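Please read the structure below before turning to the comments.
The values are calculated or read from the model by the stated rules, or taken from the named source; none is laboratory data. Only a predicted model underlies this, so the values are computations on that prediction, with no experimental measurement involved. We place every Cβ from the backbone using ideal geometry, glycine too, and count neighbours over all the protein chains shown.
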Amino acid sequence: MTLKLTRRLAIASMIAAGTIAVSAPAFADGHQIQLRMATSGSETDARSVALAEVFGPAVAGFASYEPSYNATLFDQGTELDAISRGNLEMSITSAQELAQFFPEFSIFATGYVHQDAAHQVRVFNDPLMAPFLATVEEELGVKLLSVMYLGQRHVNLRQTREELDVQTPADLAGVNLRMPGTDAWQFLGAALGAAPTPMAFTEVYTGLSTGAIDGQDNPLPTVVDRKFYEVTNQIALTSHLVDLNYIAISAATFNAMTPEQQLTVQKAADAAASVGRLRQLELEGSLIAFLEDNGVEVYTPDLAAFREHVQAQYVGSEFAASWPEGVLDAINALGN
Ligand code: KDO
């Protein structure tokens, strides 16, 4: 934790000292504004599609939306730094990545906290978010415009169910489960009972096909979009994280826009998030049959056992210690 807090202070002092670009972008004020967006997601991912089809056209009158996919422009997890330094304008970022700078964001990356997509939206729009948003904007120069739904994450393994029937966290003991490469993700993997291994998203397919990893966790639409079903045999529907991403934009770029442009950008982000959310929910509801047709066994383990075990790991953890008082209760109060 000390390392991350130091990094946070370093960024704040770099902004204060002017080492990090917080000046107006080159194309502002009546000229075309360049909005380069970097993600490790694919072009066909529902979030990418929603941004390209809804956000891009909505801002086209004054800004050029320029997406790059599959981590071709920036490695997964380096996008926030890139925005901070003025090398990138937008990304689809995660609470886990934000927790690298601001540990309190781990509350939104904790297993079994968000209940569903609607709960995520209520949480994001609640006054409880204000201090979180202000911190990211003031200390990192990044504005979080809207919340996107990534979906319910499940455990997806190479082993057949005959080889490994996952009912409780104890069944995952020794399973080499790929989780994205930040502390909050690794903690969640261990909380599930597995042996978590960090690996970039773009390497997961190869990792699964060579056996470098036993499995990975992602929502069903991602398993299908990235063809992980070709190199895995089972999915235990653990629903351990109702996952989200934030549409992030450079505060310097946003603040250099006219109030009308800012309003258009905000509305465009909300509209894209909403379209992407509906599409992702639709996919989640329809993909089990496709996966089964492709030889993947999909089943529900003992969810109470997973929930209890995961929640117990967070109690007294360094992550829980960083959560502002009362926020978990406020999030729970916004649930169903
Ligand atoms: C992943 O690496 O497993 C993950 O699903 C983590 C998310 O936060 C998000 O970054 C996502 O990858 C990418 O957008 C690729 O879909």
The lone exception for residue 186 - which of (1) out of contact with any Asp or Glu (no Cβ under 7 Å at 6 or more places or on another chain); (2) over 21 Å from residue 317 (Cβ atoms) it fails: (2)
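How many residues does region 225-234 contain that are within 12 Å of the ligand (Cβ to nearest atom) and in a helix (DSSP H, G or I)?
Looking only at region 225-234, we keep the residues that are within 12 Å of the ligand (Cβ to nearest atom), and these are 225-226, 228.
Add one more test, that the residue is in a helix (DSSP H, G or I), and what stays is 225, 228.
Of the residues in region 225-234, 2 are within 12 Å of the ligand (Cβ to nearest atom) and in a helix (DSSP H, G or I).
Residue-wise test of (1) touching a Pro at 6+ places or on another chain (Cβ under 7 Å); (2) in contact (Cβ under 8 Å) with a residue 40 or more places away in the chain; (3) within 25 Å of residue 307 (Cβ to Cβ).
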site: 178; (1), (2), (3): no, no, yes
site: 197; (1), (2), (3): no, no, yes
site: 206; (1), (2), (3): no, no, no
site: 210; (1), (2), (3): no, no, no
site: 228; (1), (2), (3): no, yes, yes
Looking at (1) exposed (fewer than 13 other Cβ atoms within 10 Å of the Cβ); (2) in a helix (DSSP H, G or I); (3) at pLDDT below 95; (4) not small (Gly, Ala, Ser), which is the only condition residue 31 fails? (2)
Just need a number here: residues in region 210-224 that are part of a helix (DSSP H, G or I) and more than 14 Å from the ligand (Cβ to nearest atom). 1
With respect to residue 239, is the statement that it is assigned to a strand (DSSP E or B) and of a type in the set (S, T, N, Q) true? yes
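Could you check, for region 321-334, whether at least one of its residues is at pLDDT 95 or above, in contact with a His (Cβ under 8 Å, 6 or more places away or on another chain) and more than 15 Å from residue 188 (Cβ to Cβ)?
Of the residues in region 321-334, the ones at pLDDT 95 or above are 321-334.
The next check asks that each one be in contact with a His (Cβ under 8 Å, 6 or more places away or on another chain); those that pass are 331, 334.
Filter once more, keeping what is more than 15 Å from residue 188 (Cβ to Cβ): 331, 334.
Checking region 321-334: at least one residue is at pLDDT 95 or above, in contact with a His (Cβ under 8 Å, 6 or more places away or on another chain) and more than 15 Å from residue 188 (Cβ to Cβ).
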Out of 132, 187, which single residue is crowded, with 19+ Cβ neighbours inside 10 Å, in contact with a strand residue (DSSP E or B) (Cβ under 9 Å, 6 or more places away or on another chain), in the same structural domain as residue 212 (by TED's automatic domain parsing) and under 20 Å from residue 324 (Cβ atoms)? 187
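Would you pick out the residues in region 212-227 that are within 12 Å of residue 154 (Cβ to Cβ) and among the acidic types (Asp, Glu)? Show your work before the answer.
Within region 212-227, the subset within 12 Å of residue 154 (Cβ to Cβ) is 215-223.
Residue satisfying the conditions is 217 alone.
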Do any residues in region 48-61 that are closer than 14 Å to residue 92 by Cα have Cβ atoms under 6 Å from those of residues that are aliphatic (A, V, I, L, M) and in a helix (DSSP H, G or I), where the two are at least six apart or on different chains, and which pairs are they? 50/272; 50/275; 51/272; 55/268; 55/272
